[in-house]
Amino acid sequence: MTAVTLKTRLTDATKDAMRAKDSARLTTLRMLSAAIKQKEVDERTELDDAAVTAIVEKQVKQRRESATAFEAAGRTESAELERAEITVLQEFLPQAAAPEEIQAAVNAAIADVQASGVTGAPAMGKVMGLLKQSLAGRADMTLISKEVKARLT
């Protein structure tokens, strides 16, 4: 049996949303499909699950930023729509990492980089590069970045 790819799951979810006449969910899924297709056209290649996950992460990050901006502007209804889209998008991300797992990964990455003799600001990029590999799609990299920066300075 072959593993079901993220793109296949997305196509199936889109069809299910059409059948259920769930227009809000359908809109979000179509937007994600369009972003994936655009990337494939731009790069003239078939995207694998890792590349699709990166696109989903980017979309979630954009929605979080939009929701925060809408909240700041007092547009709570728009912020709620963005959060609803985040919920749909997160279905296509891997299982979220537990806080203990994130902490262990951060500790290990910092120790690895410091063991190689890199400290200060240059260490930040190296640590984040390691964490991006191990926690891709499983944690909010913005929050992790803030924690790493605080621990390195």
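The values are calculated or read from the model by the stated rules, or taken from the named source; none is laboratory data. None of these values were measured; they are calculated from a predicted model. A quick note on method: Cβ atoms are made from the backbone with ideal geometry, for glycine too, and the neighbour counts reach across all protein chains shown.
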(message) Taking the conditions exactly as written (more than 15 Å from residue 135 (Cα to Cα) and either modelled with pLDDT of 95 or more or surrounded by fewer than 18 Cβ atoms within 10 Å (Cβ to Cβ) (or both)), does residue 32 satisfy them or not?
(response) yes
(message) If residue 95 meets every condition in (1) exposed (fewer than 11 other Cβ atoms within 10 Å of the Cβ); (2) at pLDDT 85 or above; (3) under 22 Å from residue 58 (Cβ atoms) apart from one, which number is that one?
(response) (2)
(request) Would you tally the residues in segment 139-149 being farther than 14 Å from residue 61 by Cβ and either in contact (Cβ under 8 Å) with a residue 40 or more places away in the chain or within 10 Å of the chain's Cα centre (by Cα) (or both)? (result) 2
(request) Name every residue in segment 41-69 that is surrounded by 12 or more Cβ atoms within 10 Å (Cβ to Cβ), more than 18 Å from residue 133 (Cβ to Cβ) and polar (S, T, N, Q), in order of residue number. (result) 59, 62, 66, 68
(request) Answer with yes or no whether residue 47 is under 19 Å from residue 143 (Cα atoms), within 17 Å of the chain's Cα centre (by Cα) and not in a helix (DSSP H, G or I). (result) no
(message) Quick check on this structure: which one of 117, 125, 74, 129 is in a loop (DSSP other than H, G, I, E, B) and outside the structural domain of residue 25 (by TED's automatic domain parsing)?
(response) 117
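Given the condition closer than 30 Å to residue 11 by Cα and hydrophobic (A, V, I, L, M, F, W, C), answer yes or no: does some residue in segment 139-153 qualify?
Scanning segment 139-153, I find at least one residue that is closer than 30 Å to residue 11 by Cα and hydrophobic (A, V, I, L, M, F, W, C), so the answer is yes.
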(request) State which residue pairs qualify: first residue assigned by TED's automatic domain parsing to the domain that holds residue 37 and inside segment 54-66, second residue at pLDDT below 90 and not polar (S, T, N, Q) in any location, beta carbons under 6 Å apart, and separation of 6 or more residues or different chains. (result) 56/93; 57/137
(request) Output the number of the condition that residue 38 fails; it satisfies all remaining conditions of (1) closer than 24 Å to residue 131 by Cα; (2) part of a helix (DSSP H, G or I). (result) (1)
(request) Please give the number of the condition residue 123 fails out of (1) closer than 22 Å to residue 93 by Cα; (2) touching a residue at least 12 places away in the same chain (Cβ under 8 Å). (result) (1)
(request) State all residues of segment 1-29 that are outside any helix (DSSP H, G or I) and loosely packed, with under 13 Cβ neighbours inside 10 Å; if no residue qualifies, say none. (result) 1, 2, 3, 4, 21
